[in-house]
Amino acid sequence: MVGTGPGSGKRDKGFYVTTPIYYVNDVPHIGHAYTTVAADVLARYRRLSGQDVLFVTGTDEHGKKIQRSAEERGIAPQALADEVVTKFKDAWKLLAIKNDVFIRTTEERHARVVSEVWAKMQARGDIYPGPYEGWYCTPDESYWTEKELVDGKCPSCGREVERIKEESYFFRLSKYQAPLLRHIEANEGFILPLSRRNEVLSFVKGGLNDLSITRMGFDWGIKVPGDPKLVIYVWLDALLNYLTAAGYLSDNGSFDAFWPPDVQFVGKDILKFHAVYWPAILMSAGLDLPKQIFAHGWWTIEGTKMSKSLGNVVSPSSLVSAYGTDATRYFLMREVPFGLDGNFSDAAMLKRINSDLANDLGNLLSRATGMVSRFAGSGLLPASGTSDQFDLVLQQKASALYDAYTTAMEGREFHSALTALWEFIGEANRYVDRTKPWQNAKAGDTERLNTRLYNTIEATRIAAVYLLPFMPDTASKILTALSQDTRGMTLGQLSKWGLAVPFVGIAPSQPLFEKRTEPRGQTDKENSNGLSASQAEQPAPQLVSIDEFKRTELKVGTILSAMRVEGSHKLIKLEVDIGEKRTIVAGIGRSYTPEELPGKRIIVVANLQPAHLFGILSQGMLLAAGDADHLGLLSLDRDVPNGTRIK
Ligand code: ME8
């Protein structure tokens, strides 16, 4: 992570990218996943381009809102944070997020940074005491004046606001109006997209009031240095995470190597905090400003606003358990131009999987590898012979892709990078359609055949290289199938035509993506990896090979204990013995009571990816058939020891 030490001075500055830190009163949803996947894609792209990267995400754990949520649950705020932080960390694992640092605002190192920055702002004369009187929206942790309210409600989220009148400290934000305006006007790429930049410009031009930066009457936060009855405003605390995470005040060299941030991704709703308050705070503390704040749009779900009360919140784990990690990442980055609002629907997801992934990408790989094994006698990739017009056009498209892709990535147009890549994949498929290598094989034209085989593989390899930041697992699978080792090489090197090493073994590959017609089942939506009844009744959509079937480890087990999962009608938490003890959360609660389950012999999928369901880690799935109200559990008709594998 830290490639440049302090004082090395010779190498380029590292690339620093951040996500917002997420409140721990809520569990991860598609909105959090969106920002985090985008930052991960950019971080992976920069690493692939040969740069040192610092990619930070984390959790925002202080403030009134967290304290209230904890009170409602009857637990301490720290306990709430400790519980919810694992959900974020688990979600990021499921989505293959490779962050370098995970920051929590309750960490000791962060409290030191907050106090130090406070002292710097104070030393500059930017903090002064005074009474605050006005309105406060706790869900948004945001101050509002009487004039700003809309129908007496929070103008940002529409919820109730509270009147507060308390002793406070203020930050002299008004002093930074002119310097901030100058900075935004002089740096076109500072706030993106441009439409958002214009919003911020008119907000700043409208005048900046000094900002209350403390709260009274609760203690869940960092205390004001020298005045411990006051707590530092949670947004000041939270924004400073970007300094702590970069290593500010630590002596590991990271801060010098990475500060200031190159890109900070945020949702459009929190732009004011990042594009107005944050740079003003940094100016006051005498620190360099981030180079870019990029605000992305919001997702609706099947055309409706996402909300807990509507029960339509889409969790990352439900997407990953239904559609897989890479398909989810692909969908989020491809479906909507980054910066605009978008809509999630299961139908749109299925369309992307079936047409872009199974058809376009999957076909290219299976044709490329299939043709080598069928036509190249030895099963080895032949070297290319002379090129004709078809070959030259394909090569030319491959080299044009580099500019299209990198320009899009630098402009944070992830959807355009993928569109350009898929145009190339289409081109490679058309190359096969047009050149018909099977005819060369039939005619015994080996040189021409070899060129076509090599070029089809080479185009597939290049597509996989560009896919690495977006779909790391799929890209690696493709490169492995092509026996191409890309480790240690940069995008610039890997994207060069002709790099594929010939005379390596190429085996026909398994399909990368299965076509599917079934959307996420109710079970997925409940975040369960238990059985979905509707799936159990569906005929198999495709034939599976014996090897594919064998990848699923089915084992005999016995239920040791069972209890209902609080808050769910359907889920039961089971302890089972399958040769080892496992916890399984199963969607069988409408057909069985917990009392009748202990002692039952069952069949368990033992190597299913674990998932958190209602906060419980489920490590497997049991087999059953029937609809949710009339399920029957699968069992054996003879006694076989627990843990025996089914074959
Ligand atoms: O705001 N679509 O945290 P948070 C897209 N702790 N993005 C969405 C979304 C949706 N439907 N719903 C929410 C906070 N988001 C603060 C940040 S940073 C110093 C402190 C996005 O957990 C939202 O835009 O409420 C925001 O960027 C992010 O989720 C975090 O929300």
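Exactly one condition in (1) away from the ligand (no atom under 16 Å from the Cβ); (2) under 30 Å from Arg334 (Cα atoms) is not met by Phe88; state its number.
It fails just one condition, (1).
Failed condition for Gly221, given (1) touching a Gly at 6+ places or on another chain (Cβ under 7 Å); (2) surrounded by fewer than 22 Cβ atoms within 10 Å (Cβ to Cβ), with all others met?
So Gly221 meets the others, but not (2).
Take the residues of the range 279-288 that are among the hydrophobic types (A, V, I, L, M, F, W, C) and crowded, with 19+ Cβ neighbours inside 10 Å: which is nearest to the ligand (Cβ to nearest atom)?
Ile281
I'd like to check something: does the range 436-447 contain any residue that is open to solvent by 10 Å² or more (accessible area, probe 1.4 Å), in a helix (DSSP H, G or I), modelled with pLDDT of 95 or more and closer than 15 Å to Val41 by Cα?
no
Checking the structure you have, find out if any residue of the range 337-345 is farther than 21 Å from Thr18 by Cα, at pLDDT 95 or above, among the aromatic types (Phe, Trp, Tyr) and within 14 Å of the ligand (Cβ to nearest atom).
The answer is yes, given that some residue of the range 337-345 is farther than 21 Å from Thr18 by Cα, at pLDDT 95 or above, among the aromatic types (Phe, Trp, Tyr) and within 14 Å of the ligand (Cβ to nearest atom).
Filter the range 290-302 down to residues that are in a loop (DSSP other than H, G, I, E, B) and surrounded by fewer than 20 Cβ atoms within 10 Å (Cβ to Cβ) and give me whichever is nearest to the ligand (Cβ to nearest atom).
Per the criteria, the residue is Trp298.
Inspect the range 143-157 for any residue being surrounded by fewer than 12 Cβ atoms within 10 Å (Cβ to Cβ) and in a strand (DSSP E or B) and give the result as yes or no.
Checked the range 143-157: at least one residue is surrounded by fewer than 12 Cβ atoms within 10 Å (Cβ to Cβ) and in a strand (DSSP E or B).
Does at least one position in the range 567-586 carry a residue that is in a loop (DSSP other than H, G, I, E, B), closer than 25 Å to Ser317 by Cα and among the hydroxyl-bearing types (Ser, Thr, Tyr)?
So far as the range 567-586 goes, yes, one or more of its residues are in a loop (DSSP other than H, G, I, E, B), closer than 25 Å to Ser317 by Cα and among the hydroxyl-bearing types (Ser, Thr, Tyr).
Cβ-Cβ distance below 9 Å, separation of 6 or more or different chains: which pairs start in the range 205-220 with a residue that is in a helix (DSSP H, G or I) and end on one that is open to solvent by less than 40 Å² (accessible area, probe 1.4 Å)?
Lys205/Leu181
Is at least one residue of the range 494-508 under 26 Å from the mean Cα position of the chain (by Cα), modelled with pLDDT of 85 or more and open to solvent by less than 90 Å² (accessible area, probe 1.4 Å)?
Yes, because at least one residue in the range 494-508 is under 26 Å from the mean Cα position of the chain (by Cα), modelled with pLDDT of 85 or more and open to solvent by less than 90 Å² (accessible area, probe 1.4 Å).
Condition first: surrounded by 15 or more Cβ atoms within 10 Å (Cβ to Cβ) and part of a loop (DSSP other than H, G, I, E, B). Now tell me which residues in the range 473-493 satisfy that.
Leu482, Ser483, Gln484, Thr486, Met489
Run Ser399 past the list (1) assigned to a helix (DSSP H, G or I); (2) closer than 23 Å to Gln439 by Cα and report the number of the one that doesn't hold.
Here Ser399 meets the rest and fails (2).
Where in the range 1-120 are there helices (runs of 4 or more DSSP H), lying wholly inside it, with at least 2 residues that are among the basic types (Lys, Arg), open to solvent by less than 50 Å² (accessible area, probe 1.4 Å) and touching a residue at least 40 places away in the same chain (Cβ under 8 Å)?
Hits in the range 1-120: 64-73.
Could you please tell me which pairs satisfy a Cβ distance under 9 Å, a separation of 6+ or placement on different chains, a first residue in the range 492-520 that is within 17 Å of Ala459 (Cα to Cα) and among the β-branched types (Val, Ile, Thr), and a second residue that is assigned to a loop (DSSP other than H, G, I, E, B) and open to solvent by 60 Å² or more (accessible area, probe 1.4 Å)?
Val501/Asp485
How do the helices (runs of 4 or more DSSP H) wholly within the range 227-278 filter down when requiring 1 or more residues that are near the ligand (Cβ under 9 Å from one of its atoms), open to solvent by less than 20 Å² (accessible area, probe 1.4 Å) and in contact (Cβ under 8 Å) with a residue 24 or more places away in the chain: which remain?
Qualifying helices (runs of 4 or more DSSP H): 234-239, 241-246.
May I ask you to list the residues in the range 371-381 that are buried (at least 16 other Cβ atoms within 10 Å of the Cβ) and part of a helix (DSSP H, G or I)?
Met371, Val372, Ser373, Phe375
Do we find a residue being surrounded by 22 or more Cβ atoms within 10 Å (Cβ to Cβ) and more than 10 Å from the ligand (Cβ to nearest atom) anywhere in the range 303-312?
Within the range 303-312, not a single residue is surrounded by 22 or more Cβ atoms within 10 Å (Cβ to Cβ) and more than 10 Å from the ligand (Cβ to nearest atom).
Quick check on my filter: what residues within the range 112-156 are within 30 Å of Ala246 (Cβ to Cβ), within 16 Å of the ligand (Cβ to nearest atom) and not hydroxyl-bearing (Ser, Thr, Tyr)?
Selection gives Val113, Val114, Val117, Cys137, Pro139, Asp140, Glu141.
Here are some residues: Arg461, Arg367, Arg412, Arg430. Which one is modelled with pLDDT of 95 or more and in contact with a strand residue (DSSP E or B) (Cβ under 7 Å, 6 or more places away or on another chain)?
Within the list Arg461, Arg367, Arg412, Arg430, the selection yields Arg412.
Which numbered condition in (1) open to solvent by 10 Å² or more (accessible area, probe 1.4 Å); (2) under 22 Å from Val432 (Cα atoms) is the only one that Asp391 fails?
Every listed condition holds for Asp391 apart from (1).
The values are calculated or read from the model by the stated rules, or taken from the named source; none is laboratory data. From a predicted model like this one, the values you see are computed outputs, not experimental measurements. Note that each Cβ is placed from the backbone with ideal geometry, even for glycine, and that neighbours are counted across all protein chains shown. When the accessible area is computed, the model is the full protein with side chains, heavy atoms only, and any ligands, DNA or RNA have been set aside. Shrake-Rupley method; radii C 1.70, N 1.55, O 1.52, S 1.80 Å.
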